[in-house]
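A.B. asks: Here it is, the structure, as structure tokens.
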Amino acid sequence: MNQPEQTDAIIDSRSIHHRMEAFELRVDPVRVREILAKALELKGLDSEDVEALIAVSAPDLLEELFLTAKSVKESIYGPRIVLFAPLYISNLCKNNCLYCGFRAENREIRRRALSQEEIASEVKILVEQGHKRILMVAGEGYAGEGFSYILKSIETVYKTRSGRGEIRRVNVNLAPLSIDEFRDLKAAGIGTYQVFQETYHPETYSIMHPTGRKHDYAWRFGAVERAMEAGIDDVGMGVLLGLYDWRFEILALLRHVEHLDAVFGVGPHTISVPRLEPTVGSRVASNPPHPVSDSDFLKIIAILRMAVPYTGIIMSTREDADTRRSTLALGVSQISAGSRTNPGGYADGVQNRGAQFELGDHRPLDEVVGDLARLGYIPSFCTACYRLGRTGQDFMAVAKPGAIKFRCDPNALSTFLEYLIDYALPETGLAGEKLIEAQLDRMEEHPRARASRMLDRVRAGERDVYV
Ligand code: SAM
Ligand code: SF4
């Protein structure tokens, strides 16, 4: 089979459509409750289970679905929420995705690829806010230097320091690469390689990506596999919600996840759930062909949480603060904060006309951290797993509730305290210290002892304390 045929065999959109026609007709509450009970075993769900959950709409059954997702989230992730910031380094792009502000034919934005000095300035600003993780983002058009621009930029991020801080994990969201390029990306020390299929529906894909490299569905579909073949264990997947029927997209995404798991013994490290946001120069972005309502959006997150319990779910600042808050309990484990989506946006201090799309949450990092703390969530700046080589299958081996309590909880507390001491405003500092005390009280004896020792080291002035 050639690549497009293989891709078609994995997703098989005709069979998804066929099943979608049938499953709406048979919502059986007994079966739904069996599936919810299965989800509580934390072993994930298969596609038939997911089809049955997608069809749930009765308020009482939906409420049970949400409560189950909350319980799964709580068992695996506890109150930790990992924080990161996107770093847009370039908005040059040769593609023409109809929904994106960076598309080549859009003359309404100012084009800019940051120099290495400009990247270092952006990084310093993020470090001084307290960030430890970034997601590097660029359009597909690396002027002049080609792909080595990305590699140089990653190097610049890692070597930039400010005061006592530095970025400890660089994830990237970049266009699909060849296996050799992925090997170079791995050698540059990235954490996760993220790429979203945007839509798994071939006809919609073709319309939305009329020209350029991105027009090739199969090349994009194969990107996470090529990345894993090149040794990048942690990959991030996603769909751009709003382009096509979300029920189709979620079922297809989960088929893609199953395929990855079958080939490599491990699925994606993260899944992202971006919803289309308006942007200058795109009618599609302002009028999504298949808008996803707020209630369906929450249902998507809850279903994903139960279907792939150990896969992180990422929520960006595309969504407003209230929506972001509601998704935390249901399944989201990582959020961005204080974001700009225009290259140079941190130094410029504004989200301007070079931006990719409009933001829903404009709060600075400290406000988001304070809000999380007051809601009882522990903002985590932990980067331990990837630096200790706990990636891919090795990460999944430690990502079990018991092991998480012993590692992730102490790491979250020590990195949170580091933030509070070095960067927090006084009010956030107070809320945070109270939360750390309350969390220690809730912990079992051994992890608590370990966490207390780590916190003492941070209070004594040590930094980057992790296990
Ligand atoms: N250019 C690369 C690519 O397309 O894969 C990587 C970066 S692209 C800037 C990151 C993601 O932004 C895209 O994969 C897409 O899902 C998302 N995106 C584009 N336009 C958007 C919009 N108007 N609203 C929300 N998300 C959008
Ligand atoms: Fe370019 Fe990516 Fe935007 Fe498409 S989504 S126009 S590839 S930056």
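A.B. asks: Tell me, what is the per residue accessible area of the range 3-74 in Å², probe radius 1.4 Å?
C.D. replies: 56 Å²
A.B. asks: Using a 7 Å offset from the Cα along the Cα-to-Cβ direction at both Ser15 and Ser326, what is the distance between the two label points in nm, to one decimal?
C.D. replies: Roughly 3.5 nm, to one decimal.
A.B. asks: Then there is this: Could you work out the relative contact order of the range 193-312? I mean the mean sequence separation of Cα pairs under 8 Å and 6+ apart, divided by the number of residues, in percent.
C.D. replies: Value for the range 193-312: 27 percent.
A.B. asks: On to the next question. Using a Cα distance threshold of under 29 Å, what count of lysine pairs results for the range 5-126 when pairs must be 8 or more residues apart or interchain?
C.D. replies: 4
A.B. asks: How many times 2.2 N^0.38 Å is the alpha carbon radius of gyration of the range 3-74?
C.D. replies: Details: Rg = 14.4 Å, N = 72, 2.2 N^0.38 = 11.2 Å.
Here the Cα radius of gyration is 1.28 times the empirical estimate.
A.B. asks: Among the Cys residues of the chain, which have no other cysteine Cβ under 4.7 angstrom away?
C.D. replies: Cys93, Cys382, Cys385, Cys408
A.B. asks: For the range 101-109, in order, what is each residue's ³J(HN,Hα) by Karplus, 6.51 cos²θ - 1.76 cosθ + 1.60 with θ = phi - 60°, in whole Hz (x at glycine and Pro)?
C.D. replies: For the range 101-109, the Karplus-derived couplings read x, 7, 4, 3, 7, 7, 8, 8, 10 Hz, x marking Gly and Pro.
A.B. asks: Among the DSSP beta bridges whose two residues both lie in the range 76-363, what percent are antiparallel, rounded to the nearest 5? Present the calculation step by step, with values, prior to reporting the outcome.
C.D. replies: Numbers: 3 of 30 bridges.
The antiparallel fraction comes to roughly 10 percent.
A.B. asks: Find the accessible area per residue for the range 116-210; the probe is 1.4 Å, ligands and nucleic acids are left out, and the unit is Å².
C.D. replies: Values: 3300 Å² over 95 residues.
Result: 35 Å² of accessible area for each residue.
A.B. asks: Let me ask another. Please report, in debye to the nearest 20, how large the charge dipole of the chain is about its Cα centre when each Lys and Arg carries +1 at its beta carbon and each Asp and Glu carries -1 there.
C.D. replies: Dipole size: approximately 1040 debye.
A.B. asks: What ³J(HN,Hα) values, in whole Hz, does the Karplus curve 6.51 cos²θ - 1.76 cosθ + 1.60 give for the range 408-421 when θ = phi - 60°, with x put for Gly and Pro?
C.D. replies: Computed from phi, the couplings for the range 408-421 are 5, 4, x, 5, 4, 5, 5, 6, 5, 5, 4, 4, 4, 6 Hz.
A.B. asks: Another question about this same structure. 5 Å is the cut-off here: which amide hydrogens, built 1.01 Å from N in the peptide plane, fall below it relative to Met136, excluding neighbours closer than 5 in sequence?
C.D. replies: Amide H to amide H, under 5 Å and 5 or more residues apart or across chains, Met136 pairs with Leu87, Asn171, Val172, Asn173.
A.B. asks: Filter the cross-link list Lys152/Lys186; Lys186/Lys299; Lys132/Lys214 down to pairs whose alpha-carbon distance in this structure exceeds 23 Å.
C.D. replies: Those over the limit are Lys186/Lys299; Lys132/Lys214.
A.B. asks: Still on this model: When the Cα atoms of the range 1-134 are enclosed in a convex hull and the volume is divided per residue, what value in Å³ results?
C.D. replies: It comes to 234 Å³ per residue, whole-number rounded.
A.B. asks: So if I restrict to the alpha-carbon atoms in the range 394-459, what is the Rg, and what is Dmax, the biggest pairwise distance, in Å?
C.D. replies: 12.5, 39
A.B. asks: Could you give the spread of the C-alpha atoms of the range 311-350 along their three principal axes, from largest to smallest, in whole angstroms?
C.D. replies: Per principal axis, max minus min of the Cα coordinates gives 35, 22, 10 Å.
A.B. asks: If you count only protein heavy atoms with a 1.4 Å probe, what accessible area per residue comes out for the range 394-459, rounded to a whole Å²?
C.D. replies: 50 Å²
A.B. asks: List every residue whose amide H lies under 5 Å from the amide H of Ile313, counting only residues 5 or more places away in sequence or on a different chain, with H placed 1.01 Å from N in the peptide plane.
C.D. replies: Ile271, Ser333, Gln334
A.B. asks: May I have the pair-distance distribution P(r) for the chain, computed from all Cα-Cα distances with 20 Å bins from 0 and rounded to whole percent?
C.D. replies: That works out to 25, 60, 15, 0, in percent per bin.
A.B. asks: Over the chain, what percent of the accessible surface lies on carbon and sulfur atoms, probe 1.4 Å?
C.D. replies: Here carbon and sulfur together make up 51 percent of the probe-accessible area.
A.B. asks: A further question follows. Pairs of Cα atoms under 8 Å, at least six residues apart: use those to get the relative contact order of the range 3-74, whole percent.
C.D. replies: Details: 27 pairs, mean separation 23.3, N = 72.
It rounds to 32 percent for the range 3-74.
A.B. asks: Can I ask one more? ³J(HN,Hα) across the range 145-159 via Karplus (A = 6.51, B = -1.76, C = 1.60, θ = phi - 60°), whole Hz, x for Gly/Pro?
C.D. replies: 6, x, 5, 5, 4, 5, 4, 4, 5, 5, 4, 4, 4, 5, 8
A.B. asks: Which whole number in µm²/s is D for the range 310-387 by Stokes-Einstein, with the Kirkwood Rh taken over Cα pairs at 25 °C and 0.890 mPa s?
C.D. replies: My calculation gives 180 µm²/s for D.
The values are calculated or read from the model by the stated rules, or taken from the named source; none is laboratory data. What you are looking at is a predicted structure, and each value in this text was computed from that prediction instead of being measured. Note: ideal-geometry Cβ built from the backbone for every residue, glycine included; neighbour counts use all protein chains shown. Side chains are part of the model used for accessible areas, which takes the heavy atoms of the whole protein and leaves out ligands, DNA and RNA. Shrake-Rupley method; radii C 1.70, N 1.55, O 1.52, S 1.80 Å.
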